[in-house]
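Report on one structure; see the data block that follows.
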Amino acid sequence: MRNLQDMVVIITGASAGIGKALAEQLSARGAKLVLAARRVEKLDDLNRSLGSNHLTVKADVSSPTDCEQLIARAATHFGRIDTLICNAGYGIVRPVAQTSEIEMRAIFQTNVFGTTDCIRAAVPLMSKQEKRDGFRGQIVIVSSAAGRRGLPYFGAYSATKFAQLGLAEALRVELRPQRIAVTSVHPIGTHTEFFTTAEGLSASKMPSRGAGEVRQSPAVVARKTIRAIQRPRPEVWPFAPARYLVSLGTLMPRVVDRVMAKYRGELDQINAS
Ligand SMILES: NC(=O)c1ccc[n+]([C@@H]2O[C@H](COP(=O)([O-])OP(=O)(O)OC[C@H]3O[C@@H](n4cnc5c(N)ncnc54)[C@H](OP(=O)(O)O)[C@@H]3O)[C@@H](O)[C@H]2O)c1
């Protein structure tokens, strides 16, 4: 079991939502954190609320230079990197055929290349460091349940989350000899700024939540992710039934298409006006 006390953890997208919840819970367990995002004032507020022991870094993960500098600053400040959590990301609400080239490239730049640029910088450093509790390091990639089943109006976003899962699956096997664990996280809808940001960026609307729609708190997602930091495993599904539903979808895509068509109908209606 990996000890969280004094573990050095980098969290991208720590200024809000799931990243912030991870920071709060990891700090309470004694981890040394590197908190990264674009809104550095939010990171500084968070750091103060946690006792000011952590390092805050203004970093836009869509910039390869920012990713490189983030990893370098973390290593210089704390002397090692035990866990890199690639969490920064966003969604847009737009049918695939109406997603512009600029929107499509931008979402890949942040969600996918922001992930690979941080990993590329971190792996050589992790590979060189001594093992701690049996591992040289761990990479945690916050993908989504939409990384296993594409959602209407979230096609571009889903594609980035599929890409993250593909990277995690390959990396997990590639980095095994170095004793660097790789874990992908697949939350369902979570109460964060995610949906408001997505609506704002796309000038689109989402239907108000139906009675049957489950959303989790970022604290629950963080708690379940932290369990997989202590005992690394391939995947975390914070809402377990989602894993079985999306697996069913791969066996019976037509059935899931029918369910999704209902959701698309609601989105069509609300965005028609
Ligand atoms: N909420 C959900 O329903 C849900 C479900 C499944 C998966 N996820 C995934 O969970 C992750 C976290 O999302 P969340 O729900 O916590 O959303 P959120 O509340 O909107 O937080 C997103 C975080 O990402 C950061 N971020 C966005 N673009 C960035 C960039 N270019 N560079 C650096 N940081 C950036 C934001 O910080 P700044 O704006 O300060 O840069 C913020 O801290 C995302 O990868 C998302 O895809 C969310």
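The values are calculated or read from the model by the stated rules, or taken from the named source; none is laboratory data. Keep in mind it's a predicted model, so treat the numbers as computed, not measured. As a convention, Cβ positions derive from the backbone with ideal geometry for all residues, glycine included, and neighbour counts pool all protein chains shown. We work out accessible area using only protein heavy atoms, side chains counted, and drop any ligands, DNA or RNA first. Shrake-Rupley method; radii C 1.70, N 1.55, O 1.52, S 1.80 Å.
Restricted to the range 58-84, and to residues there that are more than 10 Å from the ligand (Cβ to nearest atom) and among the hydrophobic types (A, V, I, L, M, F, W, C), the residue that is farthest from the chain's Cα centre (by Cα) is PHE78.
One line per residue, one yes/no per condition, for (1) in contact (Cβ under 8 Å) with a residue 40 or more places away in the chain; (2) open to solvent by less than 30 Å² (accessible area, probe 1.4 Å); (3) of a type in the set (Val, Ile, Thr); (4) in contact with a strand residue (DSSP E or B) (Cβ under 7 Å, 6 or more places away or on another chain):
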position	(1), (2), (3), (4)
ALA59	yes, yes, no, yes
ASP66	no, no, no, no
HIS77	yes, no, no, yes
ASP82	yes, yes, no, yes
ILE92	yes, yes, yes, no
ALA97	no, no, no, no
PHE113	yes, no, no, no
ILE119	yes, yes, yes, yes
ALA122	yes, yes, no, yes
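Of the residues making up the range 169-217, just one is surrounded by fewer than 19 Cβ atoms within 10 Å (Cβ to Cβ) and among the aromatic types (Phe, Trp, Tyr), namely PHE195.
Of all residues in the range 26-49, those satisfying the criterion of being surrounded by fewer than 20 Cβ atoms within 10 Å (Cβ to Cβ), under 17 Å from ILE229 (Cβ atoms) and either within 15 Å of the ligand (Cβ to nearest atom) or under 21 Å from the mean Cα position of the chain (by Cα) (or both) are ALA28, ARG29.
What number of residues within the range 221-258 satisfy the criterion of being among the hydrophobic types (A, V, I, L, M, F, W, C), open to solvent by 40 Å² or more (accessible area, probe 1.4 Å) and within 20 Å of THR190 (Cβ to Cβ)? Matching residues across the range 221-258 total 3.
Per-residue answers, yes or no, for (1) open to solvent by 10 Å² or more (accessible area, probe 1.4 Å); (2) touching a residue at least 60 places away in the same chain (Cβ under 8 Å); (3) out of contact with any Leu (no Cβ under 6 Å at 6 or more places or on another chain):
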| residue | (1), (2), (3) |
| --- | --- |
| LYS131 | yes, no, yes |
| ARG136 | yes, no, yes |
| GLY147 | no, no, no |
| TYR157 | yes, yes, yes |
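Scanning the range 41-78 for residues that are of a type outside the set (Ser, Thr, Tyr) and at positive phi gives a single hit, GLY51. Listed by first and then second residue, the pairs with beta-carbon distance under 8 Å, at least 6 apart or on different chains, first residue in the range 172-191 and farther than 16 Å from TYR157 by Cβ, second in a helix (DSSP H, G or I) and near the ligand (Cβ under 7 Å from one of its atoms), are HIS191/PRO218.
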